[in-house]
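Only one structure is covered here, and it is reproduced in the block below.
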Amino acid sequence: MTDKNATEPSFLKETFTPAQSAVYIAHPDFLEALCAELQDVSAVVGNIVISPHKKRDICFAADVWLEPHLVHFESISEAVKILRRAGKYWFLNPIENVRRSRLIEAELKKLPDLNHRFPLKDEIPAIGCFSLLDKNTLIYSAKRWKKPPLGDYLFQEDKKNPPNRAYLKLWEALALLNHYPKPGDTAMDLGASPGGWSYVLQSLGAKVTAVDKAPLEQKIAALPLVSFLKQSAFALDPHTLENPIDWLLCDVACYPNRTLDLVQKWIASGKAKNMIITIKLQGDTDFEILEKFQAIPNARVIHLIQNKHEATFFYPAAPHLSPDFAGEI
């Protein structure tokens, strides 16, 4: 709760109410996009965007602080006590009064190792996040949307096997989904060349059909679980498949409307049990087209940390892919 006797930063005096306000964390390059998507913004401090409204179907938030608290404190020890009472682990999001923030951080329990191997083997513990808005104002939330602090999975990269860095995007998507292809699963990678996503799928044991007019990198094409179909990703008719596939993936560069047509075609066919599709945005962010993807029942559109000017479409969407705000929205 907000301390009624607190001296809040002037820009929050009339706007921050814990029961109603939501705190969104922006990727620095997509702060403007997040604000435009939210439309109603009370304040922006560093990468923190405060809105008087809670929105579950938000694309451009790197993370969401689900139960934000704003408190006034006098001393570093007082701030430490507040955080210790609220949770076990805390991650500092340094935006203002950084040196003072670091002094608070130093008194808190040391975080577990946040550098992960893929796929994730161990559950990431609950980690709260906090920031100072000024010398004596602490904003924090013990409950957040995503498991890793600021929504960023810090993976130990594979710099030897994948043909490009696109694999990191799929690693993040699967970790966020918390559902992985397994040995014996069937998968189709549309627009697969040079083969980064196909490499990830086969590394998990899935049998992959890589579809593209351009060839795969030779070392990917030679992998025993990868077969290649020289064809346009958009020309492939899912109705020709004898059985449904477990995973349909697509990271092809094209206009969003064409991707929407592809998604709708595959959903209508019922031939893909799980879909992870990249929506390549063109020029200014087209929120109208994103809303069309978001309107698909049981779907979710999320801008991943590894995404550039694009977003990732998940279908079907597990409940945890949306922020779980307490109370009514």
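Key figures
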{"read-out": "Among (1) touching a residue at least 40 places away in the same chain (Cβ under 8 Å); (2) farther than 30 Å from Glu32 by Cβ, the one test that Tyr89 misses", "value": "(1)"}
{"read-out": "Residue among Arg144, Arg117, Arg85 that alone is in the same structural domain as Lys55 (by TED's automatic domain parsing), among the basic types (Lys, Arg) and touching an Asp or Glu at 6+ places or on another chain (Cβ under 8 Å)", "value": "Arg144"}
{"read-out": "Condition check for Pro119: of a type outside the set (Asp, Glu), assigned to a loop (DSSP other than H, G, I, E, B) and in contact (Cβ under 8 Å) with a residue 60 or more places away in the chain", "value": "yes"}
{"read-out": "Strands (runs of 3 or more DSSP E) within the stretch 15-96 that include 2 or more residues among the aliphatic types (A, V, I, L, M), on the phi < 0 side of the Ramachandran plot and more than 17 Å from the chain's Cα centre (by Cα)", "value": "43-45, 69-72"}
{"read-out": "Among residues of the stretch 274-329, those that are of a type in the set (Val, Ile, Thr) and more than 17 Å from the chain's Cα centre (by Cα), counted", "value": "4"}
{"read-out": "Candidate set from the stretch 244-286 (those that are among the hydroxyl-bearing types (Ser, Thr, Tyr) and under 26 Å from Lys182 (Cβ atoms)); member that is surrounded by the most Cβ atoms within 10 Å (Cβ to Cβ)", "value": "Thr278"}
{"read-out": "Test: Asp324 is of a type in the set (D, E, K, R) and within 20 Å of Ala22 (Cβ to Cβ)", "value": "yes"}
{"read-out": "Of all residues making up the stretch 209-226, the number that are surrounded by 15 or more Cβ atoms within 10 Å (Cβ to Cβ) and farther than 23 Å from Arg258 by Cβ", "value": "6"}
{"read-out": "Count of residues meeting criterion [of a type in the set (Gly, Ala, Ser) and touching a residue at least 40 places away in the same chain (Cβ under 8 Å)] in the stretch 272-329", "value": "6"}
{"read-out": "Residue list for the stretch 218-230, filter: under 19 Å from Leu204 (Cβ atoms) and out of contact with any Phe, Trp or Tyr (no Cβ under 7 Å at 6 or more places or on another chain)", "value": "Lys219, Ala222, Leu223, Pro224, Leu225, Val226, Ser227, Phe228"}
{"read-out": "Of all residues in the stretch 92-120 being over 19 Å from Trp65 (Cα atoms) and acidic (Asp, Glu), the one that is modelled with the highest pLDDT", "value": "Glu107"}
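The values are calculated or read from the model by the stated rules, or taken from the named source; none is laboratory data. What you are looking at is a predicted structure, and each value in this text was computed from that prediction instead of being measured. Here Cβ is always computed from backbone atoms with ideal geometry, including for glycine, and neighbour counts include all displayed protein chains.
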